[in-house]
Amino acid sequence: MTTSTPSLTFYDIAFRPPVETNTCAPNPWKSRYALNFKAIPYKTTWVALPSIGSVRRSLNVPPSRTFADGTEFHTLPVLTDASIPDCPPIGDSFDIAIHLQTHYPDAGPNSEDKSKNDLFPADTPLNYTYETNAQFYAPLSKRSESDPVLAAYARFNTHVDAAFSTHVALVVLGMPLDPATAEETKAEFLRRAGMDDWEALGVKGEARRAMIESLKGALEGLAGLWGGSEGPFVRGEEACYADFVLGGWLRMFGEMLPRSEWEEVAGWFGGVFGRLDEALRGRFGVVV
Ligand SMILES: N[C@@H](CCC(=O)N[C@@H](CS)C(=O)NCC(=O)O)C(=O)O
């Protein structure tokens, strides 16, 4: 048997060991689902949360975000692809999906009908909006703006990010931090929030119940889109990048919410979110 080293390297966040089981950051999951959909061999480099900046700088990838005070905010995922000549490292989940579709258009789960291997089918229903004044969700790269189909997916991605980010206080205390770097990570998250008590980042009691109901309201429009097909994906049997955008966040909430609350979310609106999460885990969820 011959083995060769994959020419794609995927940089993902290392949570508590075993990292393969506990990986749960939403933006990396969007990309991992897309990589697994394309079924292109890749390997993962696991990066501790406090090391993301130094790893990104070592790859010469500019920061994808800025903090409110204007300082650099370095993030994952990053993908390098040595099989494409002169391809610079790609440091944004949406750009990674565009890269995969551009350079591997025929790769994917459908060997007979390659048209079904498109991450960005033009007729996917993407009319979902969630408006917030919050500034803390991640802006996407601007590469998609000249193509109306990509622009529609990017817009969808931004609104889904906004909906979940607004409710992230529900999950912050459930983050499976690596004990080796947990104290450093907590200090950094508290610095960003301008707070000094880790427990106070979470939300409890009646305020928590209200936030869960608010999340349900925020996700109703998504349930409408996914409920419009036979499922489990937004287009029915064939997955596309919209499934991976929503699926990335479901992955995070599925891992970080207390079990009973996740079961509640998974059962909302006839179980659309639970069905999607389960299908993604089963079909595109392998961690290599
Ligand atoms: N627009 C970027 C945002 C990436 C992003 O926000 N990544 C988060 C994980 S989901 C991160 O790396 N956070 C590092 C940190 O909080 O220190 C993308 O889509 O790739």
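The values are calculated or read from the model by the stated rules, or taken from the named source; none is laboratory data. Note that the coordinates shown come from a computational prediction; the quantities given were computed from them, not determined experimentally. So basically every Cβ, Gly included, is an ideal-geometry build from the backbone, and we count neighbours across all protein chains shown.
Residue 239 - would you say it is away from the ligand (no atom under 16 Å from the Cβ), among the aliphatic types (A, V, I, L, M) and more than 16 Å from the chain's Cα centre (by Cα)?
On the way: away from the ligand (no atom under 16 Å from the Cβ): yes; among the aliphatic types (A, V, I, L, M): yes; more than 16 Å from the chain's Cα centre (by Cα): no.
In short, no.
Does residue 118 qualify as being over 21 Å from the mean Cα position of the chain (by Cα) and of a type in the set (Asp, Glu)?
When the stated conditions are applied, residue 118 does not pass them.
Could you list, in sequence order, the residues of the range 79-116 that are of a type in the set (Asp, Glu), surrounded by 15 or more Cβ atoms within 10 Å (Cβ to Cβ) and away from the ligand (no atom under 11 Å from the Cβ)?
In the first step, residues of the range 79-116 are kept if they are of a type in the set (Asp, Glu); the result is 81, 86, 92, 95, 106, 112-113.
Then keep just the ones that are surrounded by 15 or more Cβ atoms within 10 Å (Cβ to Cβ); that gives 81, 92, 95.
81 - this is the single residue of the range 79-116 that is of a type in the set (Asp, Glu), surrounded by 15 or more Cβ atoms within 10 Å (Cβ to Cβ) and away from the ligand (no atom under 11 Å from the Cβ).
Kindly indicate the residue of the range 37-60 that is of a type in the set (Val, Ile, Thr) and more than 16 Å from residue 182 (Cα to Cα) and also nearest to the ligand (Cβ to nearest atom) among those meeting that condition.
We begin by selecting, within the range 37-60, every residue of a type in the set (Val, Ile, Thr); these are 40, 44-45, 47, 52, 55.
Now restrict to residues that are more than 16 Å from residue 182 (Cα to Cα): 40, 44-45, 55.
Details: 40: 18, 44: 14, 45: 14, 55: 11 Å.
Here the answer is 55.
Among the listed residues 119, 76, identify the single one that is within 30 Å of residue 230 (Cβ to Cβ), at pLDDT 95 or above, among the aliphatic types (A, V, I, L, M) and buried (at least 19 other Cβ atoms within 10 Å of the Cβ).
Values: 76 fails: within 30 Å of residue 230 (Cβ to Cβ).
Going through 119, 76 in turn, just one is within 30 Å of residue 230 (Cβ to Cβ), at pLDDT 95 or above, among the aliphatic types (A, V, I, L, M) and buried (at least 19 other Cβ atoms within 10 Å of the Cβ): 119.
It is to be established whether one or more residues within the range 245-263 are more than 22 Å from residue 161 (Cα to Cα), part of a loop (DSSP other than H, G, I, E, B) and either aliphatic (A, V, I, L, M) or at pLDDT below 95 (or both).
No: the range 245-263 contains no residue that is more than 22 Å from residue 161 (Cα to Cα), part of a loop (DSSP other than H, G, I, E, B) and either aliphatic (A, V, I, L, M) or at pLDDT below 95 (or both).
Residue by residue through the range 227-278, note down the ones that are free of Cβ contacts under 8 Å to residues at least 12 places away in the same chain and within 23 Å of residue 209 (Cα to Cα). Please lay out each step first, then the result.
Step one: filter the range 227-278 for residues free of Cβ contacts under 8 Å to residues at least 12 places away in the same chain, giving 229-230, 236-237, 259-260, 262-263, 267, 271, 274.
Within the range 227-278, 259, 260, 262, 263, 267, 271, 274 qualify.
Kindly establish whether residue 156 is within 15 Å of the ligand (Cβ to nearest atom), modelled with pLDDT of 85 or more and either within 14 Å of residue 26 (Cβ to Cβ) or not in a loop (DSSP other than H, G, I, E, B) (or both).
Working: within 15 Å of the ligand (Cβ to nearest atom): yes; modelled with pLDDT of 85 or more: yes; either within 14 Å of residue 26 (Cβ to Cβ) or not in a loop (DSSP other than H, G, I, E, B) (or both): yes.
So residue 156 fits the description; yes.
Enumerate the pairs (first residue in the range 159-179 and buried (at least 17 other Cβ atoms within 10 Å of the Cβ); second residue anywhere and at pLDDT below 95 and among the small types (Gly, Ala, Ser)) with beta-carbon separation below 7 Å, excluding pairs fewer than 6 apart on the same chain, so at least 6 apart or on different chains.
161/138; 165/134; 166/134
Might you check whether a residue that is in a helix (DSSP H, G or I) and of a type in the set (Lys, Arg) occurs anywhere in the range 61-81? Step through it out loud before you land on a result.
Just the residues of the range 61-81 that are in a helix (DSSP H, G or I), to begin with: none.
Among the residues of the range 61-81, not one is in a helix (DSSP H, G or I) and of a type in the set (Lys, Arg), which makes the answer no.
Restricting attention to the range 13-20, does a residue exist that is touching a Lys or Arg at 6+ places or on another chain (Cβ under 7 Å), of a type in the set (A, V, I, L, M, F, W, C) and touching a residue at least 24 places away in the same chain (Cβ under 8 Å)?
Let us first name the residues in the range 13-20 that are touching a Lys or Arg at 6+ places or on another chain (Cβ under 7 Å), namely none.
The answer is no; no qualifying residue exists.
Give the range 179-205 a look and list any residue that's charged (D, E, K, R) and either part of a helix (DSSP H, G or I) or within 15 Å of the ligand (Cβ to nearest atom) (or both), or say none. Spell out the reasoning first.
The initial filter retains those residues of the range 179-205 that are charged (D, E, K, R), namely 183-184, 186, 188, 191-192, 196-197, 199, 204.
183, 184, 186, 188, 191, 192, 199, listed by residue number.
Restricting to the range 227-244, name every residue that is part of a helix (DSSP H, G or I) and either modelled with pLDDT under 95 or surrounded by 24 or more Cβ atoms within 10 Å (Cβ to Cβ) (or both).
241, 242, 243, 244
Within the range 140-148, identify whether any single residue is at pLDDT below 95 and outside any loop (DSSP other than H, G, I, E, B), and answer yes or no. I'd like the intermediate steps shown before the answer.
Our first condition is that a residue be at pLDDT below 95; within the range 140-148, this holds for 140-148.
Now drop any that are not outside any loop (DSSP other than H, G, I, E, B), which leaves 148.
Yes, there is a match, as at least one residue in the range 140-148 is at pLDDT below 95 and outside any loop (DSSP other than H, G, I, E, B).
Return the pair list, or none, for Cβ contacts closer than 8 Å from residues in the range 71-95 that are in contact (Cβ under 8 Å) with a residue 12 or more places away in the chain and of a type in the set (D, E, K, R) to residues that are more than 10 Å from the ligand (Cβ to nearest atom) and outside any loop (DSSP other than H, G, I, E, B), at least 6 apart or on different chains.
72/66; 81/8; 81/99; 81/103
Specify the residue that is farthest from the ligand (Cβ to nearest atom); the eligible residues are those in the range 19-36 that are crowded, with 24+ Cβ neighbours inside 10 Å and charged (D, E, K, R).
For the range 19-36, the residue satisfying everything is 32.
Would you say residue 28 is of a type outside the set (Ser, Thr, Tyr), part of a helix (DSSP H, G or I) and either more than 28 Å from residue 120 (Cα to Cα) or modelled with pLDDT of 95 or more (or both)? Write out each step before concluding.
Numbers: of a type outside the set (Ser, Thr, Tyr): yes; part of a helix (DSSP H, G or I): yes; either more than 28 Å from residue 120 (Cα to Cα) or modelled with pLDDT of 95 or more (or both): yes.
Taking the combined requirement at face value, the residue satisfies it.
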